[in-house]
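Asker: Below you'll find the structure I mean.
The values are calculated or read from the model by the stated rules, or taken from the named source; none is laboratory data. This one's a predicted model, so the numbers in the text were calculated from it and none came from an experiment. Please note: Cβ atoms are built from the backbone with ideal geometry, for glycine as well, and neighbour counts cover all protein chains shown.
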Amino acid sequence: MAASTEAIRDRNHVEVGLLLVRDADAIIESWSDRATAQGHGRPGAHRAELRDHLPAFLRALGEELSAPDPVQPDDPRRRASEHGRFRWQAGWELGEVVADYQLLRVVVLEHLRDAFGRDPSLEEIVALGVHFDDAVSAAVSAFVADQAEQLGLAHRRLNEFLGVLGHELRNPLGTIAVALQLARMTRPDDEDLADAIEVIGRGVDTMTRLMDDMLDVARITRGDLEIRPRRVLLSEAIASAVEATRPIVAERRHSLTVSPPPADLAIEADPTRLQQVIVNLVTNAAKYTPTGGRIDLSAGREGDSAVIQVRDNGAGIDPEFLPHLFDLFAQAPGNRAQGLGIGLALVRILVERHGGTITAQSDGPGAGSTFTVRLPLADSPALPVPDASSPAITCSPRRILVVDDQPDAARLLASLLEQRGHEVRVAFDGASALAEAASHPPDLVLLDLDLPDIDGAEVASLLRPRAGEDGAPPRAGLPRIVALTGFSPAQRPGSPPSSSSDPRFDLFLTKPLSDDALADALALLSPRPPS
């Protein structure tokens, strides 16, 4: 009857063990010569790096073979773990760690044969095999654990970097966006200047969309991409997406044909994410279709699914690349200048998070492509999707306080609001904001959350104490407060996802401020019911 693995581990092999303890350095020297000759390990590795913990491992193994003892001070598995961890930190591959022990086992058996003047017995070979297998398991586990820890740290740092990058990019984009709104209000007579303003506007929109997609990818990798489904009319989502993509379609001089779904066709979806799916698909078609191309956007019902289809007569897709089309950062050969490889991957994830599917079809390069999205139908009436067209920002003149540590952004936003007839004051830090509010009480505060002296949330608490306690609306005479941030809510550590979870704020807005966002802020100045 074959001996168990535990029985093999517990059996003494004193002669072998003592030899390993005595000759550990010589065996490892022979092993390192062989490893170097075979090109084993990292090119140019220093001899000390090549050996690292293996001499100590071999001595510990010899001690265990001489007198197995679970409480012995030097455990070969611990030494093997140290070896695996060191190999990861030194930049070796996992396969090279396994090869370390495979080669060492051969060298040990050869040394035993030469030292004993005989071939090792079957029991000795089996015992060494079990102990070396234990060592490989310990080394690989340590290697992988250290790798996972370091990769997790790198992943966290990448997400932190993306969050900070988003914040740092949103601030200048916000300033440019407000400046553009001011420039558009002047209605320049110079046609070239007017065209230049629109070109800059399209650039800001593109940068904002790319940045949002990039940050969404970071949220996905962290597992905190938020989907807030409700019942929406597909026709309204289509109309809003068409309005949002109108600039890029016009810029490329494409013909966009829209076949809307039945007016009452409803699906359960996050309206913002649904529009993002459609916008990304139409934008993708516009980018990969030569100037003057044709794009068809249609939607309808097939069985128990809503179907959205985007068809173009553009560049088409190579059949070999088609299976990788929705992979993150995937780039078709020859198209590396067209994008980041994020948009379609994000579309797939968003569609799947809504319980749907997406497919792509193309007859090859130059033959155009068709993307088909299928989403479950809703079983109750839908709520309307907000119109994507820029609303008129009108309300009676009021007192507004703009608080932002970016002077250019604050002054430009103040100028834009003054053009609308409002009385505007500006502060660049929390202390100044509190002083301005005390001397000139505002009706509305546009408050940057990331101030240099006092956190924006604390400023809000001081401006509107006990606001929203017990679910009550803010008291009459207290200002409405809108939070402004370069971070999106999901990126800013410690920030709530919406104003509903923090009664200090009436609204959260992310820079750069669009016309829609500014309209939402000014809508707070409409008369509110008495408390």
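Asker: Scan region 106-121 and give yes if some residue there is farther than 17 Å from I28 by Cβ, among the hydroxyl-bearing types (S, T, Y) and in a loop (DSSP other than H, G, I, E, B), otherwise no.
Answerer: yes
Asker: Also: Checking A138 against (1) surrounded by fewer than 21 Cβ atoms within 10 Å (Cβ to Cβ); (2) among the hydrophobic types (A, V, I, L, M, F, W, C); (3) more than 21 Å from E29 (Cβ to Cβ): exactly one of these is not met. Which one?
Answerer: Result: A138 passes all but (1).
Asker: Shifting gears a bit: Tell me whether region 472-490 contains one or more residues that are out of contact with any Lys or Arg (no Cβ under 7 Å at 6 or more places or on another chain), at pLDDT 90 or above, part of a strand (DSSP E or B) and surrounded by fewer than 18 Cβ atoms within 10 Å (Cβ to Cβ).
Answerer: no
Asker: Looking at region 225-235, can you tell me whether even one residue there is in a helix (DSSP H, G or I) and either polar (S, T, N, Q) or at pLDDT below 90 (or both)?
Answerer: Scanning region 225-235 turns up at least one residue that is in a helix (DSSP H, G or I) and either polar (S, T, N, Q) or at pLDDT below 90 (or both).
Asker: Restricting to region 402-423, what's the tally of residues that are in a strand (DSSP E or B) and over 16 Å from A519 (Cα atoms)?
Answerer: Total meeting the criteria: 2.
Asker: Within region 424-444, can you find the residues that are under 22 Å from N171 (Cβ atoms) and outside any helix (DSSP H, G or I)?
Answerer: Listed by number, the residues that qualify are V424, R425, V426, A427, F428, D429, L444.
Asker: Test A392 against the stated conditions and say whether it is at pLDDT below 80, surrounded by 14 or more Cβ atoms within 10 Å (Cβ to Cβ) and not assigned by TED's automatic domain parsing to the domain that holds V351.
Answerer: No; evaluated as a whole, the condition is false for this residue.
Asker: Further question: Quick check on this structure: which one of I227, I248, I278 is crowded, with 21+ Cβ neighbours inside 10 Å and farther than 20 Å from A367 by Cα?
Answerer: I278
Asker: For region 279-305, name all the residues that are within 24 Å of the chain's Cα centre (by Cα) and without any contact (Cβ under 8 Å) to a residue 60 or more places away in the chain.
Answerer: Listed by number, the residues that qualify are V282, K287.
Asker: Looking at (1) β-branched (V, I, T); (2) surrounded by fewer than 17 Cβ atoms within 10 Å (Cβ to Cβ); (3) more than 19 Å from R301 (Cβ to Cβ), which is the one condition that is false for V258?
Answerer: Going through (1) β-branched (V, I, T); (2) surrounded by fewer than 17 Cβ atoms within 10 Å (Cβ to Cβ); (3) more than 19 Å from R301 (Cβ to Cβ) one by one, V258 breaks only (3).
Asker: Hey, can you tell me all the residues within region 508-520 that are part of a strand (DSSP E or B) and either out of contact with any helix residue (DSSP H, G or I) (no Cβ under 6 Å at 6 or more places or on another chain) or surrounded by fewer than 18 Cβ atoms within 10 Å (Cβ to Cβ) (or both)?
Answerer: Matches in region 508-520: T510 only.
Asker: With the condition kept exactly as written, say whether any residue in region 38-52 is in the same structural domain as L112 (by TED's automatic domain parsing), outside any loop (DSSP other than H, G, I, E, B), of a type in the set (S, T, N, Q) and at pLDDT below 85.
Answerer: no
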